[in-house]
Amino acid sequence: MINGYLRPDGRKGIRNIVAVVYLVECAHHVSREIQIPYRDQGVHVIGFPGCFPNDYSQRMLQKLCTHPNVGAVLLVSLGCEGFNRHTLYETIEKSGRPVRLIGIQAAGGTKTTIAEGRKWVEEQLEALKSTPRAEIKPHELIVGTICGGSDATSGLTANPAMGRAFDYLVADGGAAIFEETGELIGLEQVMMDRAATPELAGEILSCMQKTAKYYDTLGHASFAPGNADGGLTTIEEKSLGAYAKSGQAAISGLIKPGDEPPTGGLYLLDVIPDGEVRFGFPNISDNAEIAELIACGSHVILFATGRGSVVGSALAPVIKVCANPHTYRRMSEDMDVNAGRILEGTASVDEVGREIYDLIKRVAGGEQTKSEEMGHQEFILTYKSFEPIGPSCLPTAQTAA
Amino acid sequence: MTAKELLLLDADDNIAVARQDLKAGTRLEVHGSPMVLERDTPTGHKICIRPIAPGEKVIKYRTPIGSARVPIMPGDYVHIHNLKSDYLPTYTLTGDNIRKGA
């Protein structure tokens, strides 16, 4: 049984975190200092470095601060930054979570803010001990997936096994989110064929056209000579490796960062900004995508790696599935699952898929992942720009029509 | 019966993947049929397991990954020399192109 934390807004989390949130880079150090004595007690630091306001990052922090894994939020402002701290504060307050805003300039500087912040965090840690518990059924779970540090084995072992775990989750009524649309180029038709409705298929096509145009403008090559050396022949094949994470279920919906799946099923997360190309690369590193998956309500993240990534994340546990058996032997302390056994013939995709799904449930029930045990809490949030999703993107809209 | 040196990702695929580095001339069995490896095949690379006609889709994990440039026979190494992308790498991507390309 998964024993979760019941939030005042009715959502259920699998961790009970106090988030310390810097609202501009100038407040980052102070936020980190507030956290340090409690970094092993479920106090995490997230934030936004920019001084100038941005609708996307505003929405991201609003969603992350009201994520079901978060029990209380301390906002740390310098005082003169452009981030709309008042709207963020009100959003958190409305969700029923304890929230406190400290302005460094008003509080008297670094030391007084750290002292005041730590006092509040200590109070919250004490109060969170009496958070009501509630059982989480598998159909209430949201799981996101990503691959990073990929090699030729990623698409052969870890990604298909994670796809199989997604099939089990979706069959139990849970929600699964896959993304990396930049590495799904060439699979437009295959994904359209899996869309729940023709209208959703049209939305997926538009999304992929936008993706291709965006990467073309950036001049970003999606197929490098190293891919061919590793045994990949075409862009479709490379994309297929990433795509295998999605499993076999029908695609229920297309969402953007911050949109939570309204029902169970498989969802594609569109991470490519809308409109003209601004602010640079859409995802500057894996943790940018992990933060977006968490902003969509993901309780747990599945991360496939062949070369050997070590990252975890703030706010949600990351389960690392190692694709390459040689990498696993070298970096086993960082890896939760050895999917390389599929290549060596000692386990099937089904077996590893079942192992991953069982681990998802154990981690949701409180078991620490390797990256959590070692204190990994990576987080990054940068500027982006999105339009709202279209009316055909969600299953509820389709039912209503 | 399929040789343990090969990974068959889906029963409908027309290629298999080498689980380990394999030498040219190695004799292997796939779905009960014998075949001989045409070339040295590194770990993770592709080997044809069913005859593929020119223009026919190469299927990996039940999904097309491109079209055969030439006839490909069981045991043949499958890579850039005999398989081409159906995708437009110039990114002139339109709805019509995708339907034709896929």
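The values are calculated or read from the model by the stated rules, or taken from the named source; none is laboratory data. Remember, predicted model here, so these are calculated numbers, not experimental data. Every residue, glycine among them, receives a Cβ derived from its backbone with ideal geometry; neighbour counts consider all protein chains shown. For the accessible areas, the whole protein counts, side chains as well, though only heavy atoms, and no ligand, DNA or RNA atoms are used. Shrake-Rupley method; radii C 1.70, N 1.55, O 1.52, S 1.80 Å.
The table below gives the values:
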| quantity | calculated |
| --- | --- |
| Flag if residue A:262 is open to solvent by 20 Å² or more (accessible area, probe 1.4 Å), away from every other protein chain (no Cβ under 11 Å) and at pLDDT 85 or above | yes |
| Within region B:27-50, tally of residues that are part of a loop (DSSP other than H, G, I, E, B) and open to solvent by less than 40 Å² (accessible area, probe 1.4 Å) | 4 |
| Number of the condition not met by residue A:308 [criteria: (1) under 28 Å from residue A:73 (Cβ atoms); (2) modelled with pLDDT under 90] | (1) |
| Residue count, region A:332-343 (criterion: part of a strand (DSSP E or B) and open to solvent by less than 10 Å² (accessible area, probe 1.4 Å)) | 1 |
| Residues that are open to solvent by 10 Å² or more (accessible area, probe 1.4 Å) and within 15 Å of residue A:382 (Cβ to Cβ), drawn from region A:18-49 | A:22, A:25, A:28, A:49 |
| Residue within region B:21-38 that is of a type outside the set (S, T, N, Q), at the interface with chain A (Cβ under 9 Å from one of its Cβ atoms) and in contact with a strand residue (DSSP E or B) (Cβ under 7 Å, 6 or more places away or on another chain) present | no |
| Check on residue A:268, within 13 Å of the chain's Cα centre (by Cα), open to solvent by less than 10 Å² (accessible area, probe 1.4 Å) and farther than 28 Å from residue A:71 by Cβ | yes |
| Members of region B:50-79 found to be closer than 21 Å to residue A:228 by Cβ and aliphatic (A, V, I, L, M), listed by number | B:52, B:58, B:59, B:65, B:68, B:70, B:72, B:78 |
| So residue A:156, is it within 14 Å of chain B (Cβ to nearest Cβ), buried (at least 19 other Cβ atoms within 10 Å of the Cβ) and touching a strand residue (DSSP E or B) at 6+ places or on another chain (Cβ under 7 Å) | yes |
| Subset of region B:39-56 [within 27 Å of residue A:245 (Cα to Cα) and either free of Cβ contacts under 8 Å to residues at least 12 places away in the same chain or away from chain A (no Cβ under 14 Å) (or both)] | B:49, B:50, B:56 |
| In region B:8-20, the residues that are open to solvent by 10 Å² or more (accessible area, probe 1.4 Å) and within 12 Å of chain A (Cβ to nearest Cβ) | B:8, B:9, B:10, B:19, B:20 |
| Counted residues, region A:1-50 - those being assigned to a strand (DSSP E or B) and in contact with a helix residue (DSSP H, G or I) (Cβ under 8 Å, 6 or more places away or on another chain) | 13 |
| Selection count, region A:181-192, where residues are of a type in the set (Gly, Ala, Ser) and away from chain B (no Cβ under 11 Å) | 1 |
| Enumerated strands (runs of 3 or more DSSP E) restricted to region A:51-138, each holding at least 1 residues that are among the aliphatic types (A, V, I, L, M), within 22 Å of residue A:34 (Cα to Cα) and open to solvent by less than 10 Å² (accessible area, probe 1.4 Å) | A:70-77, A:99-103 |
| Failed criterion for residue A:242 (all others in (1) within 14 Å of chain B (Cβ to nearest Cβ); (2) under 22 Å from residue A:167 (Cα atoms); (3) surrounded by fewer than 20 Cβ atoms within 10 Å (Cβ to Cβ) hold) | (3) |
| Residues located in region A:349-378, provided they are surrounded by 19 or more Cβ atoms within 10 Å (Cβ to Cβ) and among the hydrophobic types (A, V, I, L, M, F, W, C) | A:349, A:352, A:356, A:359, A:360, A:363, A:364 |
| Test: residue in region A:168-180 that is open to solvent by 10 Å² or more (accessible area, probe 1.4 Å), within 13 Å of chain B (Cβ to nearest Cβ) and in contact (Cβ under 8 Å) with a residue 24 or more places away in the chain | no |
| Any chance residue B:74 is more than 7 Å from every other protein chain (Cβ to nearest Cβ), part of a loop (DSSP other than H, G, I, E, B), closer than 10 Å to residue B:14 by Cβ and free of Cβ contacts under 8 Å to residues at least 60 places away in the same chain | yes |
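Here is a yes/no grid of residues against (1) among the acidic types (Asp, Glu); (2) within 24 Å of residue A:266 (Cβ to Cβ); (3) not in a loop (DSSP other than H, G, I, E, B):
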site: A:316; (1), (2), (3): no, yes, no
site: A:330; (1), (2), (3): no, no, yes
site: A:352; (1), (2), (3): no, yes, yes
site: A:372; (1), (2), (3): yes, no, yes
site: A:382; (1), (2), (3): no, no, no
site: A:390; (1), (2), (3): no, yes, no
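So that you can scan it fast, the table gives a plain yes or no per residue for (1) under 17 Å from residue A:175 (Cβ atoms); (2) within 14 Å of chain B (Cβ to nearest Cβ); (3) of a type in the set (Asp, Glu):
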site: A:301; (1), (2), (3): yes, no, no
site: A:312; (1), (2), (3): no, no, no
site: A:323; (1), (2), (3): no, yes, no
site: A:330; (1), (2), (3): no, no, no
site: A:334; (1), (2), (3): no, no, yes
site: A:340; (1), (2), (3): no, yes, no
